[in-house]
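Structure, as structure tokens:
The values are calculated or read from the model by the stated rules, or taken from the named source; none is laboratory data. Here the structure is a predicted model, which means the values were calculated and not measured. Glycine also receives a Cβ, built like all others from the backbone with ideal geometry; neighbour counts cover every protein chain displayed. These accessible areas exclude ligands, DNA and RNA; they are computed on the full protein's heavy atoms, side chains included. Shrake-Rupley method; radii C 1.70, N 1.55, O 1.52, S 1.80 Å.
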Amino acid sequence: MTTDEDELYDADEDPYALALRSGRGPVYLRLVDGRRIRMPVHRWHEQPTVADKTVLERCAGPVLDVGCGPGRMCRALRSRGVFALGVDIAPRAVALTTAQGGLALCRSVFDRLPAERVWKTVLLIDGNIGIGGDPHGLLRRCGGLIAPTGCLVVEAELHDVEERYNARFENLQGQSGPFFPWARLGRRALNRIAADLALSVTDQWSSGNRCFATLAHQGSSFDCPDAGRR
């Protein structure tokens, strides 16, 4: 990044943006009911984990990474020869992705995006099923982004949960950002919403303490890479 960019980001007091730049954390998601969930900032900045690699194995290009953060998945896919584009609403996330050789746009998934209905894989991992606080609306939107033979790769909560709430990021220095709608979704709720949207669950697997599923349009000739069930 340039010096001018550093000066701009130093002035940004949002704890999520600060955590993205430093990679140190900790940063928490503070729910309106008082609960606090620690966010895995360290994972966003490191090389893909074993669990991440199970996702990468299922990615056919072109890939759209929704809520890409610092871009570790985009970069990993590029190293595998797979075209990937990240989208994130945080300018710092996009700057970090592009500074390290990835491709990203500063845009919401609900904005107009390039190559709609052409993407072979759309990623919703690292809790990003919670974007907008409406998993049903988010999955409907992402289902409209993939090609007829494409798939969504979604990370769900390890436990059986379905919550929608307002939350904000905060850190141990007392900085906090604005409230925004968010959601948490376990596998059972994900499967129910997928069925409601005529999306088939074509694979489900767990790796470590994380669980994932691939979704495709019902009746499609689903052809994302088959890495086998985990």
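Of all residues being within 22 Å of G61 (Cα to Cα) and among the charged types (D, E, K, R) in segment 126-163, which is most open to solvent (accessible area, probe 1.4 Å)? Just the residue, please.
Here the answer is R140.
Considering only segment 27-56, how many residues are among the hydrophobic types (A, V, I, L, M, F, W, C) and open to solvent by 60 Å² or more (accessible area, probe 1.4 Å)? Can you show your working first?
Of segment 27-56, the ones among the hydrophobic types (A, V, I, L, M, F, W, C) are 27, 29, 31-32, 37, 39, 41, 44, 50-51, 55-56.
If we keep only those that are open to solvent by 60 Å² or more (accessible area, probe 1.4 Å) too, we end up with 32, 50.
Adding up the residues that qualify gives 2.
For the subset of segment 68-99 comprising residues that are of a type in the set (S, T, N, Q) and open to solvent by 10 Å² or more (accessible area, probe 1.4 Å), which member is farthest from the chain's Cα centre (by Cα)? Don't jump to the end; show me each part of the working.
Applying the first criterion (of a type in the set (S, T, N, Q)) to segment 68-99 yields 79, 97-98.
Subset that is open to solvent by 10 Å² or more (accessible area, probe 1.4 Å): 79, 98.
Values: S79: 19, T98: 17 Å.
Once the filter is applied, the top-ranked residue is S79.
I'm checking my understanding of the structure. Among residues of segment 100-114 that are open to solvent by less than 80 Å² (accessible area, probe 1.4 Å) and out of contact with any strand residue (DSSP E or B) (no Cβ under 8 Å at 6 or more places or on another chain), which one is modelled with the lowest pLDDT?
Among those that are open to solvent by less than 80 Å² (accessible area, probe 1.4 Å) and out of contact with any strand residue (DSSP E or B) (no Cβ under 8 Å at 6 or more places or on another chain), it is G101.
Pull out all pairs, ordered by first then second residue, where Cβ-Cβ is under 6 Å, the residues are six or more apart or on different chains, the first lies in segment 189-201 and is in contact (Cβ under 8 Å) with a residue 60 or more places away in the chain and over 14 Å from G219 (Cβ atoms), and the second is of a type in the set (F, W, Y) and outside any helix (DSSP H, G or I).
none
Could you please let me know if R117 is in a loop (DSSP other than H, G, I, E, B), surrounded by fewer than 18 Cβ atoms within 10 Å (Cβ to Cβ) and either touching a residue at least 24 places away in the same chain (Cβ under 8 Å) or at positive phi (or both)?
Taking the combined requirement at face value, the residue satisfies it.
Quick one: which residue in N166, N191 is of a type in the set (S, T, N, Q), assigned to a helix (DSSP H, G or I) and either out of contact with any His (no Cβ under 8 Å at 6 or more places or on another chain) or open to solvent by less than 10 Å² (accessible area, probe 1.4 Å) (or both)? So that I can check it myself, show each step before the final result.
Working: N166 fails: assigned to a helix (DSSP H, G or I).
Residue meeting the stated conditions: N191.
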